[in-house]
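Accompanying notes for the structure given below.
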Amino acid sequence: MGKAGMCVKLELANSADAQAIDDLLNLAYRGGKGWTTESAFVEGNRSVVSDVKLSIEASLFFVVKNQNEIVGCICLDQKDGDVYIGSFAVHPDHQSIGLGASILKAAERYAIDRLKPTRFIMLVVSVRTELIAFYTRLGYEQTGDTLEYPLHLNVGAPRCAGLTLVQLCKKWNTYSQ
């Protein structure tokens, strides 16, 4: 993979991709390397295969491949005119080269062209200041809304008390090509 601003090809995931997506999400968020790991703040798996399969069936779930290996993924859910971004991960060996920004921009373009959202919304673990800064550089803003950590969603358990999620938002008309 190349440098920042690279062109990526989003492919719709299918149920055969679920295990590889689950592996990627757990490696990127709970593994020991890469700048997106949350292992210091959250323990347990980030995802389980059954939930990934449900997301593939119910959402627009995209993968990015490098020589048939899934190296990135992102999920789009449309609700009430908004597009929610989740399950966004890049393999640690492919981080810090602009791939994540390129995947996000490609997913936003897809949504703008086909879903016509009012805005994009994502949730980020509150203590992940470097991740929040990354999204801020890409046009997202904190809304001021916070949510309790979603233990009921089977996405791990906080290692520290008071861990929350912050909501980030980007209005589609602020999207820059």
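The values are calculated or read from the model by the stated rules, or taken from the named source; none is laboratory data. If you're wondering where the values come from, they're calculated on a predicted model, not measured in any experiment. Note that each Cβ is placed from the backbone with ideal geometry, even for glycine, and that neighbours are counted across all protein chains shown. For the accessible areas, the whole protein counts, side chains as well, though only heavy atoms, and no ligand, DNA or RNA atoms are used. Shrake-Rupley method; radii C 1.70, N 1.55, O 1.52, S 1.80 Å.
General observations
- Selected residue (criterion: modelled with the highest pLDDT) from residues of segment 164-177 that are in contact with a Phe, Trp or Tyr (Cβ under 9 Å, 6 or more places away or on another chain) and open to solvent by 80 Å² or more (accessible area, probe 1.4 Å): 171
- The set of residues from segment 92-117 being assigned to a loop (DSSP other than H, G, I, E, B) and open to solvent by 30 Å² or more (accessible area, probe 1.4 Å) comprises 96, 97, 115, 116.
- Hits in segment 43-66 (condition: closer than 12 Å to residue 91 by Cα and crowded, with 20+ Cβ neighbours inside 10 Å): 63, 64
- Filtered residue count, segment 60-89, keeping only those that are assigned to a loop (DSSP other than H, G, I, E, B) and touching a residue at least 24 places away in the same chain (Cβ under 8 Å): 1
- Residue count for segment 118-163, restricted to those that are part of a strand (DSSP E or B), hydrophobic (A, V, I, L, M, F, W, C) and open to solvent by 50 Å² or more (accessible area, probe 1.4 Å): 2
- Within segment 80-96, the only residue that satisfies the criterion of being over 16 Å from the mean Cα position of the chain (by Cα) and modelled with pLDDT of 95 or more is 93.
- Count of residues meeting criterion [part of a helix (DSSP H, G or I) and either open to solvent by 60 Å² or more (accessible area, probe 1.4 Å) or over 15 Å from residue 124 (Cα atoms) (or both)] in segment 23-42: 4
- Total residues in segment 14-61 satisfying the condition of being farther than 24 Å from residue 130 by Cβ and of a type outside the set (A, V, I, L, M): the figure is 12.
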